[in-house]
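*Asks:* My questions will all concern the structure given below.
The values are calculated or read from the model by the stated rules, or taken from the named source; none is laboratory data. This structure is a prediction, so every number in the text was calculated from the model and none was measured. Every residue, glycine as well, gets a Cβ built from its backbone with ideal geometry; the counts of neighbours run over all protein chains shown. Accessible surface is based on the protein model in full, side chains and every heavy atom, while ligands, DNA and RNA are left aside. Shrake-Rupley method; radii C 1.70, N 1.55, O 1.52, S 1.80 Å.
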Amino acid sequence: MGQLGARKEGKGKEKDDVLCEEEDLKEARLEREGRLLPNQQTHLIPGLNLGALGLFPPSSSMPPPPPGNSSPGAPYGSFGTQEQETVHVYIPAQAVGAIIGKKGQHIKQLSRFAGASIKIAQAEAPDAKMRQVIVTGPPEAQFKAQGRIYGKLKEENFFGPKEEVKLETHIKVAAAAAGRVIGKGGKTVNELQNLTAAEVVVPREQTPDENDQVIVKIIGHFYASQLAQRKIRDILTQVRQQQKGGMGGRASPHPQGLSEMGGPPPPQGLSQERKK
């Protein structure tokens, strides 16, 4: 009996070890989802040189940080600012449970991992097909949190095996700066779309909210969306810097391309939308 009990105990321990190892491997894989190397992911955006766009640091050819090094304050290289940003990510309504997890455990873990505030907004209507996930945090936290959300939806089969996960995200910009995102005749927004492979739309006839802000919609897979978000933030940063610097109250008379993160002077209103 003693030997039989020992064998059973040994098998039980072996089974527990296997389960623990599987959990560790799964956690390690999830840990990597938000920071895959650009040279491993260039096929996601055909013809796009991710390294040349400023999203990844020059050292990104090195292996990613080891699993477990998920401190929210850890430097991420390419994200130089810790300014708080808010992004609204739209997910299928039936995926809300997967993002929240049992007793809220998954969304809590995701929040800790990314160093971001993550909240699920109330449904806009009882039969709403999409729900908002509100992510608030600095750029590094946005990258990690949104990467995990995309990965979770794929993992839980909310998209087909050969289907690319494409989500719509909204960011708010000052109404006065929206014209810089659009550009004269839609030039800047078209350049932005060509550069990032994301669909970028500034809806027409928007009424600014109580903070005098309007919405910019970004639709695309994870890397395309991230690139578009960063480039739009860069444009807004330049606008703020120009406003602080005075510039005699005028924008530069020479429009700059996206490579210089500028844009033509803002047109009147928001009548310009992207052009295909």
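*Asks:* Tell me which residues, restricted to region 141-190, are of a type in the set (S, T, N, Q) and in contact with a strand residue (DSSP E or B) (Cβ under 8 Å, 6 or more places away or on another chain).
*Replies:* Residues of region 141-190 of a type in the set (S, T, N, Q): 142, 146, 157, 169, 188, 190.
If the condition is that a residue be of a type in the set (S, T, N, Q) and in contact with a strand residue (DSSP E or B) (Cβ under 8 Å, 6 or more places away or on another chain), then GLN142, GLN146, THR169 are the ones that fit.
*Asks:* Here's something else I'd like to know. Mind checking whether some residue in region 181-194 is in contact with a helix residue (DSSP H, G or I) (Cβ under 6 Å, 6 or more places away or on another chain), open to solvent by 10 Å² or more (accessible area, probe 1.4 Å) and part of a helix (DSSP H, G or I)?
*Replies:* yes
*Asks:* Quickly run through region 98-109 and pick out the residues that are under 18 Å from TYR150 (Cβ atoms) and either open to solvent by 50 Å² or more (accessible area, probe 1.4 Å) or in contact (Cβ under 8 Å) with a residue 40 or more places away in the chain (or both). Let's see the steps before the verdict.
*Replies:* Looking only at region 98-109, we keep the residues that are under 18 Å from TYR150 (Cβ atoms), and these are 98-101, 106-107, 109.
Once the filter is applied, which keeps residues that are under 18 Å from TYR150 (Cβ atoms) and either open to solvent by 50 Å² or more (accessible area, probe 1.4 Å) or in contact (Cβ under 8 Å) with a residue 40 or more places away in the chain (or both), region 98-109 yields ALA98, ILE99, ILE100, HIS106, GLN109.
*Asks:* Just checking, which of PHE143, PHE159 is assigned to a loop (DSSP other than H, G, I, E, B), under 28 Å from GLY101 (Cβ atoms) and open to solvent by less than 50 Å² (accessible area, probe 1.4 Å)? Reasoning before the result, please.
*Replies:* Details: PHE143 fails: assigned to a loop (DSSP other than H, G, I, E, B).
Step by step, each of PHE143, PHE159 is checked, and only PHE159 is assigned to a loop (DSSP other than H, G, I, E, B), under 28 Å from GLY101 (Cβ atoms) and open to solvent by less than 50 Å² (accessible area, probe 1.4 Å).
*Asks:* Ok, one more. Across region 147-156, what is the number of residues that are under 14 Å from LYS108 (Cα atoms) and open to solvent by less than 10 Å² (accessible area, probe 1.4 Å)?
*Replies:* Residues in region 147-156 being under 14 Å from LYS108 (Cα atoms) and open to solvent by less than 10 Å² (accessible area, probe 1.4 Å): 1 in total.
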